[in-house]
Amino acid sequence: MNMNDRIEAMLEKVQKAPRYTGGEMNTQIKGWEEAPLHFVFCFPDTYEVGMSHLGMKILTGLINDQDWSLCERCFMPWVDMMALMKEEQVPLFSLESRRPLKDFDVVGFTLMYEMSYSNVLAMLDMGGVPVERRDRGENDPIVVAGGGCASNPEPISDFIDAFMIGAGEEVMLELNRVILERKEKGWTREECLKRLAQLEGVYVPSLYDAEYHPDGTLKSFRPNCPEAPERVMKRYVDDFDHAYFPSKVAVPYTEVVFDRITLEIMRGCTRGCRFCQAGMLYRPVRERSLETLVHQAETLVEATGYEEISLSSLSSGDYTCLPELIRELMRRMKDRRVSISLPSLRIDSVLKESLEETQQVKKSSLTFAPEAGTQRLRDVINKGVTEEDLIEKVRDAFQGGWSSVKLYFMDGLPTETVEDLDGIADLAKKVVAEYFKVPKGERARGLRVTVSCSTFVPKPHTPFQWAAQDTISVINEKQEHLREVLKIKGVNFNWHAPHLSFLEACFSRGDRRLGRVLKRAWERGCLLDGWNDQFKFDEWMEAFRDCGLDPAFYANRERSREELLPWDFLDCGITKDFLWREKEKSDRAETTRDCRKGCNGCGIQRFKGLCAYADPKRAGAPSPSLVPYEPEGGNA
Amino acid sequence: MRMLGVFEKSERVRHIGHLDIQRAVQRGLRRSGLPVAYSNGFNPHIQVTFASALSTGACGKREIMDVKMAEPVSEEVFLRKMNAAMPQDMQLSSARAVDDRHPALMASLKAGIYEMVIRDPRQADRLLPAIGPMMAQETIPVARKTKSGIKEVDMKPLIYALRGEGQKLYATLMLTERESCKPNMILEGLKRAAGMPEEEEVRMLVIRTQLLGEAGDGGLVPLETL
């Protein structure tokens, strides 16, 4: 049987064959010969997860819109498919042309969460690409990666030739152009990588060396050739309002996690929650104009036929013209029967009138994220929300006909005590009480308060990047306590075992030695770690032992101010000094104001014209630990 | 008015289940911008029905969607706008405007014509010669899964026609709301008649090439022309 017949035979046996067959609306792309550069966009998780990801849709659209490049897609197969592929010796193939990954010029991964790293190794191996970058030859693809986790690329740097740091919309094409030029001019792999390293926002790990102190901490991290810059600057989109946006996005046949139009209304956040990596990394805050958003919504509704639009950003309630935007979208979408939903509402910014307006179209459960149970702890994490705020919004919701409320919290936050845990239960009780204050005839029936608690993972580029994560046994005790105090009528409590969060903590702040652990774990069969039924914690621990590394060194150790951190060579906009100032304020349970109320000097003010709220006077006091950087012309 | 659209479910999308095909058509209708009718109620949806559900794994050459329009449109416009709005693997070949009182397709459906491709030519060589002997049997008992378990049925009265050629079987099989004969029942019957072990796996591609309804003179005609 030829390859295609073998694939067809496998598809008859697997569950959810449409994960592998492609051909969805708006994915019909040009033929292989029509473009000289072939890119395969790999999402290291299943189809249903990947096809819910806006960034993937933007970047595949962008690459396909260039007449000199084409972009196909590939997802992590499920275990049944992997077993058949192994049996039938079928390499991992792209959905569109069914070619193995090794046939492409560029294999690109998006790194959304640390626990997808083992899938990256598995996909490379199944696709016929040498897993470790040092084993790749002149004819192997260039393997690149970007996404949120690239803000600490070190743990996965043994497997990736080049990382894109920051927004991918522009650097993606620059990178592809260099790789196309290599193809035309016959540069060696090494020369190509050195040229890539000169692009702003590109990090080529083979061009840097790390040395360690006897205690395991990083001693030095330096480029090993003149082509590689000392510090790698993150990329920004020059003009967010007019940034590339695909006019046609794929519409999956089967149900995926987020099966609707996502409108990114804003990038960045001014709140400064200290645990939130996205809030630090995606600074400065930039809004899309109402005109652009309405245009995008109409274009997408026409191109996809979706029934629902969700507004997405870190803090949609902060969007300046939110009520106007919602009103305008509803006005235009009413006849087309398209509903508008608002996720990730922040409790202090929900406007009563927009609540009432969304309700007209669709009434689902409302989500609030107080994150911590007491005001003291909320001050520590700078979650600028008070109990009164929450209760007021919940009251509005119950009076407005909602009966289902979700409350998100974290356990294991720095300085957390039993009082803070009890505070979660107190808050839940008060929410329940608000429901019963609404007269019986007026309130919606079926009260449902869901309290979800996730385990805090300290992240790089946040004020908690120096903090120790609670050990697994401490988290277990805390969760046991929460289960006791949350036995409240009308309240459901959701929690997750802390093991995955522990590993996530290792990899989010790991150094490049963790590449060995990753490889070992993958050899031991670790895969699809984000899926509960596939996660093999014990194998991961064995992998650490095999490599002579202690996971607690990465997860549970508090770092000092002086320690050289594995991601210090990246300039992600905010300075280490700002983060340290924030850490000290957090120790004193002191809050920091919202940037919209005045510049806090996070480091973005060093870039002329980048942040609308920056105070140029603060630009004179940059962090001494930083190489001063003067952007030419600025990013208006 | 209603519009009967004849569409293909090609090989690439044959693993898409009926519910997903329905949703793909609904989204196609939304993209087309055609004046389709919506149901009333809290969660309005497009009023579209299908003559028959096609099983997951099977292709269809001439499946039929039945769309209620809010305003009249011409067949040409419907066809053009839908083909611009549907994926390559689900294109329409014809459209026919009918009156609201036109009988429901599901009620008029009598039979389906199937093409069944036996993937392994050696198996085809063993199975096809069994067609004659099987059809000569007085009854053709096959096991059929029902809600209450597996029961034996005689499929002989459900087969209008059956012939073979090369690796292909061509079958016209009863397909009504009350009774129907599935392509895999034919395969099962042939395996029995050919003396092929029950557990022997036979890979087969099923293509439904036409849906049929009953004409005034009792003959079977393409359902969309009825």
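Right, B:G218: touching a helix residue (DSSP H, G or I) at 6+ places or on another chain (Cβ under 6 Å) and either modelled with pLDDT under 95 or surrounded by 14 or more Cβ atoms within 10 Å (Cβ to Cβ) (or both) or not? It is false that B:G218 is touching a helix residue (DSSP H, G or I) at 6+ places or on another chain (Cβ under 6 Å) and either modelled with pLDDT under 95 or surrounded by 14 or more Cβ atoms within 10 Å (Cβ to Cβ) (or both).
Going by what's in this entry, would B:E63 be described as in a strand (DSSP E or B), within 14 Å of another protein chain (Cβ to nearest Cβ) and on the phi < 0 side of the Ramachandran plot? The answer is no for B:E63. Can you tell me which residue in the range A:223-255 is nearest to A:K194 (Cα to Cα), limited to those that are within 23 Å of the chain's Cα centre (by Cα) and among the aromatic types (F, W, Y)? The residue in question is A:Y236. Considering the range B:33-60, and only residues there that are touching a residue at least 24 places away in the same chain (Cβ under 8 Å), at the interface with chain A (Cβ under 9 Å from one of its Cβ atoms) and not in a strand (DSSP E or B), the residue that is nearest to B:S74 (Cα to Cα) turns out to be B:G33. Cβ separations smaller than 6 Å between residues 6+ apart or across chains give the following pairs from the range B:13-32 residues that are facing chain A (nearest Cβ under 8 Å) to residues that are of a type in the set (D, E): B:V13/B:D89. Residues that are away from chain B (no Cβ under 14 Å) and in a loop (DSSP other than H, G, I, E, B) were ranked within the range A:281-313; the one that is farthest from the chain's Cα centre (by Cα) is A:S289. Checking the condition more than 21 Å from B:A194 (Cα to Cα) and either polar (S, T, N, Q) or outside any strand (DSSP E or B) (or both), which residue from B:K81, B:K145 passes? The conditions single out B:K81. Each residue in the range A:24-36 was checked for being surrounded by 20 or more Cβ atoms within 10 Å (Cβ to Cβ) and either modelled with pLDDT of 95 or more or facing chain B (nearest Cβ under 7 Å) (or both), and 2 pass. The single condition from (1) free of Cβ contacts under 8 Å to residues at least 60 places away in the same chain; (2) within 14 Å of chain A (Cβ to nearest Cβ); (3) assigned to a helix (DSSP H, G or I); (4) not β-branched (V, I, T) that B:E76 fails is (2).
Please work out if A:R195 is on the phi < 0 side of the Ramachandran plot, in contact (Cβ under 8 Å) with a residue 12 or more places away in the chain, in the same structural domain as A:P223 (by TED's automatic domain parsing) and of a type in the set (K, R).
Taking the combined requirement at face value, the residue satisfies it.
Of the residues that sit in the range A:193-212 and are more than 16 Å from A:R134 (Cβ to Cβ) and of a type in the set (F, W, Y), which one is surrounded by the fewest Cβ atoms within 10 Å (Cβ to Cβ)? Per the stated criteria, the residue is A:Y212. Scanning the range B:166-185 finds one or more residues that are touching a residue at least 24 places away in the same chain (Cβ under 8 Å), in the same structural domain as B:V206 (by TED's automatic domain parsing), under 27 Å from B:M106 (Cα atoms) and in a helix (DSSP H, G or I). Here A:S316, A:S349 are screened, and the one residue that is modelled with pLDDT under 85, surrounded by 22 or more Cβ atoms within 10 Å (Cβ to Cβ) and either away from every other protein chain (no Cβ under 14 Å) or within 25 Å of the chain's Cα centre (by Cα) (or both) is A:S316. Assess whether B:R96 counts as being under 21 Å from B:A194 (Cα atoms), at pLDDT 95 or above and either away from every other protein chain (no Cβ under 14 Å) or in a helix (DSSP H, G or I) (or both). Against the criterion (under 21 Å from B:A194 (Cα atoms), at pLDDT 95 or above and either away from every other protein chain (no Cβ under 14 Å) or in a helix (DSSP H, G or I) (or both)), B:R96 does not qualify. The condition (being in contact with a helix residue (DSSP H, G or I) (Cβ under 6 Å, 6 or more places away or on another chain) and of a type outside the set (S, T, Y)) is satisfied by just one residue among A:I29, A:I58, A:I63: A:I29.
For the range B:45-54, does any single residue satisfy the condition of being closer than 29 Å to A:E96 by Cα, among the hydroxyl-bearing types (S, T, Y) and surrounded by 15 or more Cβ atoms within 10 Å (Cβ to Cβ)? No: zero hits. When A:V251 is tested against (1) assigned by TED's automatic domain parsing to the domain that holds A:A35; (2) surrounded by 23 or more Cβ atoms within 10 Å (Cβ to Cβ); (3) in contact (Cβ under 8 Å) with a residue 60 or more places away in the chain, exactly one condition is not met: (1). Condition check: assigned to a strand (DSSP E or B) and either at the interface with another protein chain (Cβ under 10 Å from one of its Cβ atoms) or in contact (Cβ under 8 Å) with a residue 12 or more places away in the chain (or both). Does B:L4 satisfy that? When the stated conditions are applied, B:L4 passes them. Please enumerate the residues belonging to the range B:102-117 that are out of contact with any Leu (no Cβ under 6 Å at 6 or more places or on another chain) and either among the charged types (D, E, K, R) or within 15 Å of B:L190 (Cα to Cα) (or both). If the condition is that a residue be out of contact with any Leu (no Cβ under 6 Å at 6 or more places or on another chain) and either among the charged types (D, E, K, R) or within 15 Å of B:L190 (Cα to Cα) (or both), then B:E115 is the only one that fits.
With the condition kept exactly as written, say whether any residue in the range A:166-175 is over 30 Å from A:H242 (Cβ atoms) and either modelled with pLDDT of 95 or more or buried (at least 23 other Cβ atoms within 10 Å of the Cβ) (or both).
Checking the range A:166-175: not a single residue is over 30 Å from A:H242 (Cβ atoms) and either modelled with pLDDT of 95 or more or buried (at least 23 other Cβ atoms within 10 Å of the Cβ) (or both).
The values are calculated or read from the model by the stated rules, or taken from the named source; none is laboratory data. Just so we're clear, the structure is a prediction, and the values are computed from it rather than from any experiment. All Cβ positions, glycine included, derive from the backbone under ideal geometry; neighbour counts span all protein chains shown.
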